[in-house]
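Chemist: Once you've had a glance at the structure underneath, I'll fire off some questions.
The values are calculated or read from the model by the stated rules, or taken from the named source; none is laboratory data. This one's a predicted model, so the numbers in the text were calculated from it and none came from an experiment. Glycine also receives a Cβ, built like all others from the backbone with ideal geometry; neighbour counts cover every protein chain displayed. For accessibility, only protein heavy atoms count, side chains too; no ligands or nucleic acids. Shrake-Rupley method; radii C 1.70, N 1.55, O 1.52, S 1.80 Å.
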Amino acid sequence: MEKREGQHTQIKTVMSSKDEILTRIRQTVRTRYDMPEIKPDFMAYGDKTARFIEVSESVGGRVVIAGKGEDINDIIRSLYPAAKTIASNIPEITAATFNPDETETPYALDGTDLAVVRGETGVAENGAVWIAQNVKEKALYFIAEYLVILLDAEKIVHNMHEAYRQIQLNDYGFGLFISGPSKTADIEQALVTGAHGAKGVTVILTSTV
Amino acid sequence: MSTQHAQEAARFIANKKQEQWHNETLWQVRRKRDRLAMDIPEWEVLREWASGIKMHTLSHLDRYLERFAANAEANGVKVHWAKDGEEHNEIVYGILKERGVKKLVKSKSMLTEECHLNPFLIRKGIDVVESDLGERILQFMDEPPSHIVMPAIHLKREEIGELFEEKLHTEKGNSDPAYLTHAARQHLRNEFLTADAAMTGANFGVADTGDIVVCTNEGNADMGTSFAPLHIVSMGMEKLVPDYQALGVFTRLLARSATGQPVTAYTSHYRKPRKGCEMHLVIVDNGRSRAMEMGDHIRTLKCIRCGACMNTCPVYRRSGGYAYTYFIPGPIGINLGMLRSAETYAGNLSACSLCCSCNNVCPVKIDLADRIYAWRQSLDPIGKADKIKKGISKGMKYLFSHPSLYRTSLKLAPLLRYMPRFLLYNNLNSWGKGRELPVFAKESFTSMWKKGKVNTHKSKRS
Ligand code: SF4
Ligand code: SF4
């Protein structure tokens, strides 16, 4: 018995866990299945923007369409009149009270009332907005009490298939889809917003044309 | 398994009102799932693809794991491999110890539950803080989750209110869910800001890019990883998908199946460590490669842990998670338990009427009911059916009081042997009366049994 255990340890040292796992998989897999052909060319929505707005609202988010020539800062101030600390690194956001990229650590972002960030792609089917990290500390997306995402209305796609064909991560190596505010239903399935992240999310749809 | 489980099951089923609430609430979640699924005309195509992608990935897992690990490493992530739970725990502890971590904040991970990581780390002196609200509640109570997506679904608001009075000094008698949730937000925010390390599970690993994708509604995984300088990801090796195209299929299915939402509030892609920080990934086997040897049971590994099969299962809804002896309950838990140890967990096989509802909701098309049937068949000829009897927990025994739930099981010879004894203790309840007409009424069944008229030979599955 002792001998056996000794042998076992010996094998262990020769073979890393990685090799052991991979070898075992190679030995055990009997049938190799082909990748199914995936042709996700579903074009579900006649009006992608309308669907995006409808779903965003159904998940507790809010969508505001910026009118031509309307100052986004005015919209932000009117939506969040009580916000005292407003973080944004977007130069046009003059409503911002500080640039989050100038803080030393993510901890300094605690106490942010409102963060204003840019989204890259909106998804009509589920109201999600893709953001490849575009602030120094990703903490900003979650620790701010409220979040405003600026999104070009032209950048709304039908569904996640389309979104995944477009999205890219940058050098930060982090990106996420956000759909509505942080929420939980862990107490008796009663839906409560503001579990850990933003208590409210507003997407402001802008138009470049 | 433990006496705690047995006690919990007994407590749960003793409270008729709560049992009814549990049943109806989960059924509502199932209905929400139906509405969201029906909203997507291509739903069935997606399920078919999801199943196909998973079978492809699992049967080429060696290659995908290598590609995934190589990409993760190129992204600056330190990759570790754990053959089993023990090795996983040692690796995690090693990383924490080396960096002098005192407080670890965690987001929900069934894998760390599987490996019993928390008690291990706590014994080593690490302050482990669960940050998902449901998980935190259970951690305060020192109880395991009773559902994989809604861990505290078995608790009533009053119980949580009382718990928070004691632990978080909330107002006496206030059990408003919004009030309690925001009290927990305050409390956990402090934990996020003072943790030395954050740990997350992984919903998906993308082989092509090395991304680790974590889906939450609360944003707790994100809060944890945004502050602490160290992020450890614990990932079961079956979580891989080949690429973003595949990921698109799964992110469409997951939340719709799980909670009836179009997508989770946060779908986060972690590719690199934060600047100046560390990210570690522990890839865990712990019996998965062994499960791949078990013929068609390999399909069980397709699971994306959405919980839809639990929400639809009439047995789960009526009995609660603690009635099962494996830590993952419901249809998928019965199967995963068998993969873990048929000897230990065979008792859970009885918790199924073979209604096949689970098969129909599973987003990756695992034939859960067929698997359960196959397990039963495989145990009986080798004389292990007795295990089913022995392994039946208190909670499960109660279920035998519902002939309607068991009308299909009744046709199964191995189970039939023990039916009458359990039936003696119970009455047919309102669920049986209201929803489905039992095949046999209790009395006539018993009398038939007594007269030896019941056919105990194998009959065809319905
Ligand atoms: S087949 Fe069995 S496990 Fe599946 S839903 Fe029906 S009773 Fe539950
Ligand atoms: S078995 Fe299917 S339905 Fe059940 S949790 Fe896994 S993926 Fe979801």
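Chemist: Taking θ as phi - 60°, what are the ³J(HN,Hα) couplings along segment B:173-182 by the Karplus curve (6.51, -1.76, 1.60), each to the nearest whole Hz, with x for Gly and Pro?
Modeler: After applying 6.51 cos²θ - 1.76 cosθ + 1.60, I find x, 8, 10, 5, x, 5, 4, 5, 4, 6 Hz.
Chemist: Kindly state, to the nearest 0.05, the FRET efficiency for residue A:16 paired with residue B:35, given R0 = 56 Å and r defined as their beta-carbon distance.
Modeler: Step by step, r from the Cβ atoms, then E = 0.70.
Chemist: Hey, with R₀ at 30 Å, roughly what FRET efficiency would residue A:107 and residue B:342 work out to, going by the Cβ-Cβ distance, to 0.05?
Modeler: Result of the calculation: an efficiency of 0.05.
Chemist: Another one. Quick one: if you stick a label point 7 Å off each Cα along the C-beta vector at residue B:63 and residue B:157, how many nm between them?
Modeler: It works out to 5.4 nm between the two label points.
Chemist: For peptide B:251-259, how many partner chain Cβ atoms fall within 10 Å of a residue's Cβ, on average?
Modeler: Mean partner-chain Cβ count within 10 Å for B:251-259: 3.
Chemist: Total Å² of accessible surface buried at the A-B contact, 1.4 Å probe, nearest 100?
Modeler: Accessible area lost upon association: around 7100 Å².
Chemist: Let me ask something else. For chain A, what Kirkwood radius comes out of the mean inverse Cα-Cα distance, in Å?
Modeler: Working: mean 1/r = 0.0497 Å⁻¹.
Hydrodynamic radius (Kirkwood, Cα only) of chain A equals 20.1 Å.
Chemist: With the contact rule set at Cα under 8 Å and sequence spacing of 6 or more, what percent relative contact order holds for segment B:217-278?
Modeler: Worked out over segment B:217-278, it gives 49 percent.
Chemist: Additional query: DSSP loop (so not H, G, I, E, B), at most 14 other Cβ within 10 Å: list which GluC sites (Glu not before Pro) in segment B:261-355 pass both filters.
Modeler: B:293
Chemist: Quote the FRET efficiency, to the nearest 0.05, computed for residue A:85 versus residue B:124 with a Förster distance R0 of 41 Å and r equal to the Cβ-Cβ distance.
Modeler: In this case the efficiency is close to 0.55.
Chemist: Counting only other chains, what is the mean number of Cβ atoms within 10 angstrom of the Cβ of each residue in peptide B:208-220?
Modeler: The mean count of partner-chain Cβ atoms within 10 Å per residue comes to 5.
Chemist: On a 31 Å Cα-Cα criterion, which of the cross-link pairs B:32/B:239; B:17/B:167; A:199/B:54; B:16/B:239; B:239/B:275 come out too long?
Modeler: Working: B:32/B:239 26 Å; B:17/B:167 27 Å; A:199/B:54 36 Å; B:16/B:239 38 Å; B:239/B:275 26 Å.
Distance filter (> 31 Å) returns A:199/B:54; B:16/B:239.
Chemist: Answer rounded, prolate or oblate for segment B:247-292, using the Cα gyration tensor with square roots of eigenvalues a ≥ b ≥ c: rounded when a/c is under 1.5, else prolate when a/b is larger than b/c, else oblate.
Modeler: Oblate is the answer for segment B:247-292, as a/c is 1.5 or above yet b/c matches or exceeds a/b.
Chemist: Ok, one more. With a 1.4 Å probe and all protein chains kept in place, how much accessible area does residue A:171 have, in Å² rounded to the nearest 10?
Modeler: 100
Chemist: Further question: Exactly which trypsin sites (Lys or Arg not before Pro) in segment B:170-267 are in a DSSP loop and have at most 16 other Cβ atoms within 10 Å? All intermediate terms of the calculation are to be shown ahead of the outcome.
Modeler: Working: sites: B:172, B:185, B:189, B:239, B:252, B:256; in loops: B:172.
Here the sparse-neighbourhood loop sites are B:172.
Chemist: Here is a follow-up. For segment B:254-309, with all protein chains present and a 1.4 Å probe, just round the carbon and sulfur fraction of the accessible area to a whole percent.
Modeler: Details: 660 of 1290 Å².
Accessible surface attributable to carbon and sulfur in segment B:254-309 totals 51 percent.
Chemist: Scan around residue B:79 for amide H atoms under 5 Å from its own, H built in the peptide plane at 1.01 Å from N, and keep only partners 5 or more places away or cross-chain.
Modeler: B:281
Chemist: In whole Hz, with x marking every Gly and Pro, tabulate ³J(HN,Hα) for segment A:193-207 from phi via Karplus 6.51 cos²θ - 1.76 cosθ + 1.60, θ = phi - 60°.
Modeler: 8, x, 5, 10, x, 4, 7, x, 10, 10, 9, 9, 7, 10, 10
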